[in-house]
1. When you scan the stretch 62-73, do you find a residue that is touching a residue at least 24 places away in the same chain (Cβ under 8 Å), touching a strand residue (DSSP E or B) at 6+ places or on another chain (Cβ under 6 Å) and within 30 Å of Val163 (Cβ to Cβ), even just one?
2. Say we look at the stretch 40-72 and pick out the residues that are of a type in the set (Ser, Thr, Tyr) and farther than 19 Å from Arg131 by Cβ; which of these is most open to solvent (accessible area, probe 1.4 Å)?
3. Would you mind telling me which numbered condition in (1) open to solvent by 40 Å² or more (accessible area, probe 1.4 Å); (2) touching a Phe, Trp or Tyr at 6+ places or on another chain (Cβ under 9 Å); (3) farther than 28 Å from Met32 by Cβ Thr183 fails?
4. Could you please find all residues in the stretch 92-115 being among the hydrophobic types (A, V, I, L, M, F, W, C) and either open to solvent by 80 Å² or more (accessible area, probe 1.4 Å) or farther than 29 Å from Glu176 by Cβ (or both)?
5. Which one of Thr75, Thr87 is open to solvent by less than 70 Å² (accessible area, probe 1.4 Å), at pLDDT below 95 and of a type in the set (Val, Ile, Thr)?
6. Which residues, counting only those in the stretch 36-67, are part of a loop (DSSP other than H, G, I, E, B) and more than 14 Å from the ligand (Cβ to nearest atom)?
Amino acid sequence: MEATTSFASWTLSHLSRRPDIQDQIYEEVKDMSVYDPDNLMRAVTLNRVLEETLRLTPALYFLPRRATADTWIETTDHRKMFMPKGTQLRLDVWHANRCEEFWGKAVTGYSAEIFEPKRWDVLAQKGMTSRDMLHFGFGHGPRFCPGRYLGLLEVGLVVGAAVKIFKFTAVNERAEAKAGVSTKPADGALMDLELRA
Ligand code: HEM
């Protein structure tokens with residue numbers, strides 16, 4: 001529940017600053033009466049928006065892990081760190097997902113710090129998918145989120161339904177974050193709603 005509400009709040013928050021993308025999603029969902037996986041898969045912009053939301057503003061922003069064996073870690077500039085078996089780790093997903101070297105202009109065409117679903121089109125043109133570009137929004141490895149597809153379906157439905165009924169505009173210019181168990185928009189995704197004609 002926590003991760004899903006966070007994910008949905010962030011998606012609506014980002015879209016409230018991008019009326020152009022709301023209109024694109026509207027075209028995809030206006031005739032959609034059933035939000036099943038097949039229908040949602042065809043909503044390309046909506047899917048890109050969901051992916052980009054989890055990259056830039058992951059609901060769960062660190063992954064707890066424990067080293068199961070003595071491990072040496074080596075950085076690209078050849079610095080080494082020893083991690084004894086049993087060490088508790090927090091993998092910092094929030095900052096990893098904003099790393100310019102991996103997510104920035106040179107690779108995706110857009111700065112890593114901004115919300116831009118089109119970066120996934122650029123990656124797709126290069127033959128890369130979210131399998132190649134891991135954003136850890138649903139974790140990684142053997143503890144990977146088993147609720148991924150249900151969660152995507154739920155948030156896709158909430159966002160699709162909101163876009164179908166309303167045009168929405170953020171009250172605040174910037175989307176600041178607050179973090180507890182999960183991350184959330186600091187203003188609770190405050191927005192003005194206008195009924196679509
Ligand atoms: C849609 C929003 C969701 C997000 C962003 C999310 C994210 C995550 C993340 C990051 C993890 C940790 C994975 C790891 O440590 O590698 C996780 C684990 C988990 N999630 Fe989700 N999740 C979501 C929805 C759901 C739903 C809907 C369910 C169940 C119906 C669910 C069930 C679980 C369970 C049981 C685990 C623990 C798996 C394990 O430790 O083996 N999640 N989730």
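1. no
2. Top of the filtered list is Thr68.
3. Looking at each condition in turn, Thr183 falls short on (1).
4. Applying the first criterion (among the hydrophobic types (A, V, I, L, M, F, W, C)) to the stretch 92-115 yields 93-94, 96, 99, 102-103, 106-107, 112, 114-115.
Across the stretch 92-115, the qualifying residues are Phe102, Ala106.
5. Numbers: Thr87 fails: at pLDDT below 95.
After ruling out the rest, the residue left standing is Thr75.
6. Going through the stretch 36-67, the residues part of a loop (DSSP other than H, G, I, E, B) turn out to be 36, 43, 57-61, 67.
Residues satisfying the conditions are Asp36, Ala43, Ala67.
The values are calculated or read from the model by the stated rules, or taken from the named source; none is laboratory data. Computed from a prediction, not measured in an experiment: that's the story for all the values here. Glycine gets a Cβ as well: all are built from the backbone with ideal geometry, and neighbour counts include every protein chain shown. Please note that ligands, DNA and RNA were not included when accessible areas were found on the heavy atoms of the full protein model with its side chains. Shrake-Rupley method; radii C 1.70, N 1.55, O 1.52, S 1.80 Å.
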